[in-house]
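What follows is one structure encoded as structure tokens, with my remarks underneath.
Each value in this text was obtained by applying a stated rule to the coordinates, not by laboratory testing. In this text, all values refer to a predicted model and were calculated from it rather than measured experimentally. With ideal geometry, Cβ positions are generated from the backbone for all residues, glycine too; neighbour counts draw on all protein chains shown.
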Amino acid sequence: MTKKATAGVKKAHSYQTEDAFDRTLLPALTEQRRHFDDRPPILVREALLLNYRAFDKVKAAKDPLRRGLTILGLILLLLLVARGLQLLLGYLTTPRFDVLSADILDQVTGLNWYTEQATANPAFAQQFALAYEAVWQLIRVVGGFPSALGTIVALVSTAGSLLLGWLLYGSLAHVLARWFGGNAPLKQFLGPLALSYAPMLLFGLAFIPGLEIGGTLVFLYMLTTKFIAIRRTYLLSPGYSLAVLLAPYAFGIALVAILVALSIGVGLGQIPYLDPILNFFTG
Amino acid sequence: MKHALHIYSDILILRDGTYRALKRSPGAPAYVVLMFLAVTLVAGAGKWLALPHALSRPTFAAVIDRASEQVTFLDEQVVPSVQSALDSVTQDNLRTTLADVLPPTVTATAETLANVVNRAGLTSQQLIDLIETTADVPDAVAAELANRPPTADVVRQLLRAAALEPDQLRTILATAALGNAPSVVSEAGGITSVLAGTLLSRVSDRTGLQGLLTTVALTADRMRTIATSLGLDPVTVSRLNARIGAVPQQLQDTLDIAHRELEVVQPPLGTGVSRFIHFVGDWLSTPFQVAAAYLPLSLVALLVAKMLGGKGTVAQHLFGTALAAAPAFLLFLTFTGDLGNAIALSTQYAIGVAGRILGLIGFAWAFLILIKSLSVAHEFSPWRSAATIGLTYVAIYILVPVLSFLALGYLLRG
């Protein structure tokens with residue numbers, strides 16, 4: 001090989017400068033990410049790619065709290081659409097439990113036992129219908145089969161836990177961050193914190209039947225984005241940022257554990273003969 | 001596309017310049033995510049080898065159809081055998097039970113009687129009837145029967161009361177070693193005193209008929225007890241046979257109902273299409289399954305790297321470690337799953353071994369890429385990167401369990 005050819009090969013394989021790399025190899029991807037606007041969908045996309053500039057943009061917005069609410073609203077809207085698709089595709093690709101449950105109910109209500117019970121107790125029919133529906137809903141939820149009620153309950157609980165978690169976690173983390181020396185106000189933190197919930201959108205991919213997204217993956221992904229939000233908002237050191245990130249969870253777990261322990265203790269204390277037995281064993 | 005493959009190739013061969021450029025480029029995270037998705041989907045494509053088996057699994061309705069075939073076999077082969085066995089059991093038990101209840105001196109007669117009954121084609125009911133009618137024998141006759149050889153009148157009475165068919169009577173007499181029995185019994189079926197006397201004179205010195213008549217003196221209650229103790233009296237056997245005979249039809253009716261229900265509850269798109277869609281979903285889950293396995297390790301490695309003085313940001317570390325998924329296409333055969341009967345078991349095992357060999361090569365290659373990416377992201381030497389990985393595993397598999405155990409011990413100790 002001639003010297004010129006060798007040099008050409010070396011040049012072709014040399015990506016020592018960022019510009020050369022970006023210009024020759026990833027122009028589309030680089031331009032998109034170097035200059036992106038602050039529309040919520042773009043911000044969410046960049047947050048998923050752990051681009052700290054997205055969090056900076058939300059923090060620097062005129063009303064970070066309102067921007068955060070808009071982003072949360074977008075996430076919930078996308079999850080709502082995904083859940084709707086999941087319900088539809090799930091209905092099309094799973095056995096028709098509604099028909100099966102109706103048939104079984106017809107057979108049960110035709111039994112002599114049912115007739116006797118309904119005659120003896122006027123409220124029996126209604127109670128049975130409610131219990132029967134609840135059992136089938138439980139079967140659907142446990143078995144992962146689609147149901148309209150299950151979808152609505154999941155959406156409402158997701159929205160509630162998202163908003164409540166955002167506010168509660170944000171407040172606790174803010175208190176700790178201020179204690180560690182951070183200067184940003186709560187409203188300025190809640191905006192980037194809302195952006196850190198972007199990984200919840202991964203659950204929306206489960207609209208495809210058979211596709212499962214682990215809760216652990218989303219939780220760890222959200223921990224990462226929350227870390228970036230805390231770090232970029234309060235400009236704390238990595239150690240303090242990590243402490244602010246994890247402390248609210250530790251506090252919550254400790255609180256729940258204490259409440260459970262107290263409940264069990266008080267409950268067991270109602271048993272009259274238990275105390276003497278425990279005294280005997282513990283001396 | 002060509003450029004993307006070029007970068008991918010450089011990642012695989014650990015080209016330093018590419019790693020450093022990826023670290024600094026704003027477009028790198030998007031590229032790494034797309035590469036991760038593409039490579040893990042290629043690896044997960046091994047699942048498609050199990051698609052024929054997944055599609056050929058019988059539906060519930062097909063299982064019901066197979067059960068129906070078994071019910072037909074039951075009806076045509078098994079039930080008749082069972083019914084026949086019940087009848088033979090009845091007859092066999094009759095012989096055994098008669099031997100138990102009759103006096104030892106007439107044990108041979110019990111055998112004879114049972115044979116007579118069997119060969120005569122007498123049913124248990126007829127035998128019981130025979131015995132019951134003897135209950136009408138006056139006490140004097142009964143006493144006479146017990147103490148002395150029976151008279152012709154008694155024999156006549158007994159045989160008439162038995163209401164046996166001529167053929168049955170002939171068979172009984174022939175089996176009781178009475179010689180030319182057919183000539184003894186009139187074709188009209190009547191038993192005259194002369195006939196009975198003749199009969200008796202011919203056999204009075206034989207224990208066969210005497211034993212038979214002694215046995216006939218058994219009371220109706222005693223015979224009924226025998227039949228009840230058998231648990232197989234004719235009425236019961238008849239009912240049992242009827243129930244057994246009805247079982248196949250009842251089963252078939254139940255299966256027909258189940259089949260109709262299962263046809264109705266099929267997914268609207270059909271079972272085959274639904275299974276295919278679920279299969280696609282399972283294949284698309286592959287990147288998320290791999291990410292769920294890799295992310296905890298990567299985050300702990302970030303903590304360890306920072307403790308060792310690493311300078312990389314969160315994004316640089318995470319996307320750098322994601323590059324280790326580049327050789328994941330070698331895991332293709334490890335995702336194959338259950339191939340069913342389409343391929344011989346030995347071949348499936350061989351595929352599994354081959355998959356694990358390739359997987360081992362892939363893991364080793366990924367380890368090297370991980371060291372390279374950690375070195376670039378945190379500006380470590382390769383040895384420090386290796387130490388980071390080692391300490392990560394120590395932290396996860398030793399430190400965390402030990403600390404958890406100690407904490408639990410403290411909490412429970414009080």
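Among A:Ala247, A:Gln188, A:Phe207, pick out the residue whose Cα is farthest towards the positive end of the charge dipole of chain A, where Lys and Arg carry +1 and Asp and Glu carry -1 on C-beta, about the Cα centre.
So the residue we want is A:Gln188.
Can you list, largest first and rounded to whole Å, the semi-axes you get for region B:306-414 by taking the square root of 5 times each eigenvalue of its Cα gyration tensor?
Working through the eigenvalues yields semi-axes of 34, 25, 11 Å.
What ranking do B:395-402, A:214-221, A:41-48 get when scored by the average of other Cβ atoms within 10 Å per residue, highest first?
Per-residue Cβ counts within 10 Å, averaged per peptide and sorted highest first, yield A:41-48, A:214-221, B:395-402.
What FRET efficiency comes out for the pair A:Asp275/A:Arg178, r = Cβ-Cβ distance, R0 = 41 Å, nearest 0.05?
According to the calculation, E is roughly 0.35.
Measuring from label point to label point, each 7 Å out along Cα→Cβ, what is the B:Thr59 to A:Tyr249 span in nm?
Label at B:Thr59, label at A:Tyr249, 4.5 nm between them.
Taking a cut-off of 24 Å, what percent of all Cα-Cα pairs in region A:175-272 are separated by more than that?
Across region A:175-272, Cα pairs with separations above 24 Å total 43 percent.
I need A:Phe36, A:Phe124 ordered by Cβ neighbour count within 10 Å, fewest first.
By the 10 Å Cβ count, ascending, the order reads A:Phe124, A:Phe36.
For the pair B:Arg239/B:Tyr410, report the inter-label distance in nm, with labels modelled 7 Å from Cα in the Cβ direction.
Rounded to a tenth, the inter-label distance reads 7.4 nm.
What number comes out for the charge environment of B:Val265, summing +1 per Lys or Arg and -1 per Asp or Glu over other residues with Cβ under 11 Å away? Mind showing how you got there, number by number?
Numbers: positive: A:Arg96, B:Arg260; negative: A:Asp98, A:Asp103, B:Glu261, B:Glu263.
The answer is -2.
Sorted by average packing, counted as other Cβ atoms within 10 angstrom per residue and highest first, what order do A:232-243, B:382-393 take?
In decreasing order of mean packing, A:232-243, B:382-393 become A:232-243, B:382-393.
Work out the FRET efficiency for A:Leu85 and B:Ala246 from their Cβ-Cβ distance, taking R0 = 60 Å, and round it to the nearest 0.05.
It comes out at approximately 0.75.
Expressed as cubic angstrom per residue, what is the convex hull volume of the alpha carbon set of chain A?
Details: hull volume 83.1 nm³, N = 283.
So the per-residue hull volume is 294 Å³.
Under the 0.36 nm per residue contour assumption, what length would be gained going from the current alpha-carbon distance of B:Val264 and B:Ala67 to full extension?
Taking B:Val264 through B:Ala67 to full extension adds about 69.1 nm, to one decimal.
Exposure proxy check: B:Ile361, A:Ile71 ranked by fewest other beta carbons within 10 Å?
B:Ile361, A:Ile71
Obtain the nm distance between the two label points defined at A:Gln107 and B:Val273 by a simple spin-label model: each point lies 7 Å from its Cα along the Cα-to-C-beta direction.
Reported label-point gap for A:Gln107 and B:Val273 is 2.8 nm.
Around B:Ser285, under 12 Å between beta carbons, what's the net of Lys plus Arg minus Asp minus Glu among the other residues?
-1
Pairwise over distinct Cα atoms, reciprocal of the mean inverse distance: report the Kirkwood radius of region A:45-163 in Å, one decimal place.
With all distinct Cα pairs of region A:45-163 included, I get 18.1 Å.
So if I restrict to the alpha-carbon atoms in region A:45-109, what is the Rg, and what is Dmax, the biggest pairwise distance, in Å?
21.5, 64
What average count of beta carbons from other chains do you get within 10 Å of the Cβ of residues in B:275-282?
5
In a shell of Cβ-Cβ distance under 12 Å around A:Gly191, excluding A:Gly191 itself, what net charge do Lys and Arg (+1) and Asp and Glu (-1) give?
Net charge in that neighbourhood comes out at +4.
Report the FRET efficiency, 1/(1 + (r/R0)^6), for A:Thr119 and B:Arg24, where r is their Cβ-Cβ distance and R0 is 60 Å, rounded to 0.05.
Numbers: r = 81 Å, r/R0 = 1.35.
So the FRET efficiency works out to roughly 0.15.
Let me know the mean shielding of A:126-132 by other chains, meaning the per-residue number of their Cβ atoms within 10 Å of its Cβ.
Other-chain Cβ atoms within 10 Å of each residue's Cβ, averaged: 0.
Going through the cross-link list A:Lys187/B:Lys23; A:Lys62/A:Lys226; A:Lys226/B:Lys306; A:Lys59/B:Lys306, which pairs have a Cα-Cα distance over 24 Å in this structure? Could the numbers behind the result be given before it?
Details: A:Lys187/B:Lys23 33 Å; A:Lys62/A:Lys226 21 Å; A:Lys226/B:Lys306 18 Å; A:Lys59/B:Lys306 26 Å.
Result: A:Lys187/B:Lys23; A:Lys59/B:Lys306 exceed 24 Å.
Among the helices of chain A (complete DSSP H runs), which have Cα atoms covering no less than 15 Å along the helix axis and a Kyte-Doolittle mean of at least 0.5?
TM-like helix candidates: A:64-93, A:97-109, A:124-143, A:148-179, A:215-234, A:238-269.
As a footprinting exposure proxy, order B:Thr72, B:Thr59 by other Cβ within 10 Å, with the fewest listed first.
B:Thr72, B:Thr59
Quick check on packing: order A:250-260, A:82-92, B:261-271, A:126-136 by the mean number of other C-beta atoms within 10 Å, highest mean leading.
So the order, starting with the most tightly packed, is A:82-92, B:261-271, A:126-136, A:250-260.
Over the whole of B:15-24, what's the average partner chain Cβ count within 10 Å per residue? Rounded to a whole number, please.
Across the residues of B:15-24, the mean count of other-chain Cβ atoms within 10 Å is 5.
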